[in-house]
Structures are given as C-alpha cells and as structure tokens.
Amino acid sequence: MPAQSKMTVLPSKLALVSIYAIVVTIGFSHYYVRDLTGQLQQNHRVILENEALFYERHFLPNSPSRRLPRDNSNTNSSSSIVAKDHGGPRRPTFPIKAHVVTQGKARTATTLLFNMAAVSHFLYLLQYKPKWIPDVHLTYWQRPHAYKFLRRSTTPPHVIKTHMDLNNFLADNVVVFAAAKNKKMAREMKQQLVNEGHTVAFVQDMETLKEVGVPGLVQEYVAGFGLSEKDEANLNEYFRHWEILRQCCGQQMSMKWRNDLMPQEFKVSKFKSHPTCKTYNIDAIEQAFMQTELYSTIEQYPSIQPLNKPSLNDGHLNGTYCSSYADLVRTQGLSIWGKPGGRPVRTKLDGAIKDQMHKGRTNLKPEGYYLFPETNDTLSTRLRKMWKRPENEKKKWLRAVLVARTDGGKSYADYNIPPTTDSADYNIP
C-alpha cells in the first residue's frame, strides 16, 4: 500500500508544474502582445502626423512650420519630418523620381531654385545612389515636348532648369520644383500642377524666401531629401557664399550691379544702384566659396561641377574669376549675354515684329495663317530667326500680317518705323 500511495502523489506534482508553466506563458504573452499593440498604434500616429505635416510644410507655404522632437542620439544626423528608425537613414519626404525639373518665371529666384534642388539632389544620390552621379545631366531646357524624351528612359538622370510651360515635362518619372512670387500664388500653382497630373516636390515663393532666407530654404531640402545634420551645415556654408556670387559675379549678376559697373554710355537710367555688391571683396568671397567642403566634394564629379559656378553660363572659378569678369563689364560693357556693347537695343521694326509674333494667329484671317506656320520652336527662337532676316523681308512680313488682322488694331504707321530707301515704305496702309 505505501508504494501505491506514492504513485498517486506523483501525478499531482506534475500537474501543478504544468499549470504554473501555462499561467506564466499566458502572462508573458499578454505583456508582449500589449507592448506590440502599443508600438503599432504609436507608429500609426507618427505616420499620420508626418503625412499631414509633409503636405502642410511643402504644399501650404503659409502654414506654421511644425517639427517632430529632435532626436539627439546621433550627432551626425538632423531632425527630420519623417521619424527616424533607430538612428538609421531617414526616408526623404520629397517624391524621388529619375528626372528633376525646376521651373518658374524669370526673376523669381529660379537659379537659386535650380542650384538648391540640384545640389541637394546630389547629396541624396551620394548617400543612396552614388552610381548614378557620373551620368547626371544638368541642362537649361528650351525645346518643347520634353516629356517625349524623358519618358523613354530613366538614364541619364536629368536635372533641368526651364522657363517653359511644365506640361512640356509631364511624365511619370519627373518630379517638379517650381517658383512663384508669393504664398498665394504658390498654393494655387501647386494645386494646378497636381490637377494636371504632375508630381510636385516643392513650390518656392519669394514672400517666404524673404522671411526665412537661405537657411530656411536649406531646412526644407534637408528634410525633403532626408539629409544629415552635417549636410545641412555644409549646405548653409556653401549657399551663404554662392548667393553673394549669384548676385555680384558673372554673366547673370544682378541687373542693378551690372548697370553700376557699366561704362557711362551703356548705363540705363531707370536702374538704381545695387545696395550691397560694392561692399564685398568679391575675390575673397569667391575663394571662401572654393574652400567649402561641399565645393570640394562636387569638384570630384565632373557631371556636377557646373554647379560650382554663379550660373551654368559662367566659366570655372579660379579665385579671381569674379573680379576679372567685373573688369570686362567696366571696360567693354558686357551684356547679360556676355557680349560687349551694353544692352542690345531693338529697332522699332523688330519691336513691331515682336508685338505681332506675340499675337500669333489671334484675330487673323485664315488666308494669313501661312505667316505663322506650325512649329515646335519657342517664341524666342522664332523671334531670333525673324530678326535675322534682311530688313526688306521683315517689313514685307509685317505688312502682310497687319493686312490680315481682323481686329482693326495697329497700323504700320502706328509703330513709327523710320522710312528707308524701300519705296514700299511710302505706300503703306
């Protein structure tokens, strides 16, 4: 009997151990499931907040800027609109496409827009797609229907500056950076571009730019391309010098500063003096720019080197390029096109042709359509071709256009074109 009693006790102990193990397992499972659920809910809140913040910051320029709390766990990386993942690379908030197009009307800081987008895009490629960098093509685009070319291939990647209508660049592999005069126009432009099917990364406006300056613009691009805190410091140092060179050096210097430098016979009285360019030692600024870390990094890549200039049309910097160019403006009156003789003055005949070219086929009799043939050339290209024609041909074209107009607008005499030996000048409607 004692042996039998012992046998009946053993199963009871095993049962207790099993029950204990089951209880412990259930307890730990409940803890981990609750912890995981909390993490998922937190991540979901961050994603929703970031999505709203992205649209607010980049598509609603007048909205107050908000940032997520700075994570100081990694001193080499900056805070980002998109939450970090354990200190690893941050996801860009800009849409990333094969080709970048920057566009805006003249005198809306489009060169700053182009260079800021191109240099920041370069830093993004340096981190994520370095093999693409040797093939990057920087260009000022004037040909229509660019989408036909860009859609065909993702390589080479293009970074484009243009003043053309953006519908010429409508393609799935293109991301747009645009420029506007003020916040209201920026909002309207963004909405219109999105409605037309464009992928829009950022719309820069002059009003906000005056408020936040280049450092504020740098913050947008650092967040947009997911760049580091070191990248932000390098961009600020680089563009602090570049922005001065942009205004006071080279072929696309400020019109006011160019006018200040011009010989007296080429000065234009309507321009006031530039407020700051005369105060700079421009060679010292050029040399400081060349000594920045980002300048040195860009110099290692021939495809990107043109960014290390005041504009794509300028020569390479050498430490005295800016003062040498200024001397040519002082002595030869170099125009914005780099030609001596000051600003070109168009004749009244050329001005009349430009006026009629702008009107095109509007209020034109069908029999006059041949005077404005279908072409893919831009208006500026067509004007240059017309202006190069012999004077008698230009006058013949202008007379024919004026006769074909149905709106009773200007006559040939209204343009006050000086008569020549051409007998037709004395028998003009």
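The phi torsions of the range 216-225, fed into the Karplus equation with coefficients 6.51, -1.76 and 1.60 and a -60° offset, translate into couplings of x, 5, 4, 4, 4, 6, 5, 5, x, 9 Hz, rounded to whole numbers, with Gly and Pro shown as x.
When a/c reaches 1.5 or more, the comparison of a/b and b/c decides; with that in mind, is the range 97-219 rounded, prolate or oblate per its Cα gyration tensor? Oblate shape, in that a/c is at least 1.5 and b/c is the bigger or equal ratio. Couplings 3J(HN,Hα) of the range 386-394, computed from phi: 5, 5, 7, 5, x, 4, 5, 5, 5 Hz, in residue order, whole Hz [Karplus 6.51 cos²θ - 1.76 cosθ + 1.60, θ = phi - 60°; x for Gly and Pro]. The string of couplings for the range 235-250 from the Karplus curve (6.51, -1.76, 1.60, θ = phi - 60°) is 5, 5, 4, 4, 7, 4, 7, 4, 4, 5, 4, 4, 7, 10, 9, x Hz, one whole number per residue in order, with x for Gly and Pro. Lys and Arg at +1, Asp and Glu at -1: add these up for the other residues within a Cβ distance under 13 Å of Gly315 and post the number. With Lys, Arg at +1 and Asp, Glu at -1, the net is -1. With Cα atoms as the point set, the range 297-429 shows a radius of gyration and Dmax of 21.4, 66 Å. Between Lys270 and Arg151, the contour length at 0.36 nm per residue exceeds the Cα-Cα span by 38.3 nm.
Taking a ≥ b ≥ c as the square roots of the eigenvalues of the Cα gyration tensor, the range 164-250 is classed as prolate, since a/c reaches at least 1.5 and a/b is larger than b/c. Asp165: net charge of surrounding residues, Cβ under 15 Å, Lys/Arg +1, Asp/Glu -1, itself excluded? Charge balance near Asp165 sits at +2.
Beyond 19 Å, the tail of the calculated P(r) for the range 113-184 holds 37 percent of the Cα pairs. Based on the alpha-carbon gyration tensor of the range 307-366 and its eigenvalue square roots a ≥ b ≥ c, which shape applies: rounded if a/c is under 1.5, prolate if not and a/b is larger than b/c, or oblate? Cα axes put the range 307-366 in the oblate bin. A 1.4 Å probe run over the protein chains yields, for the range 248-292, 55 Å² of accessible area per residue, whole-number rounding. Considering only the other residues whose Cβ falls under 13 Å of the Cβ of Gly213, what net charge follows from Lys and Arg at +1 and Asp and Glu at -1? Net charge in that neighbourhood comes out at -2. Gain on full extension, evaluated as 0.36 nm per residue between Tyr140 and Asn195 minus their Cα-Cα distance, stands at 17.2 nm. Here the accessible area of the range 278-369 is 51 percent carbon and sulfur, with a 1.4 angstrom probe and all protein chains present.
The values are calculated or read from the model by the stated rules, or taken from the named source; none is laboratory data. Please read these numbers as outputs of a predicted model, since none were measured by experiment. Note: ideal-geometry Cβ built from the backbone for every residue, glycine included; neighbour counts use all protein chains shown. SASA here: full protein model, heavy atoms, side chains in, ligands and nucleic acids out. Shrake-Rupley method; radii C 1.70, N 1.55, O 1.52, S 1.80 Å.
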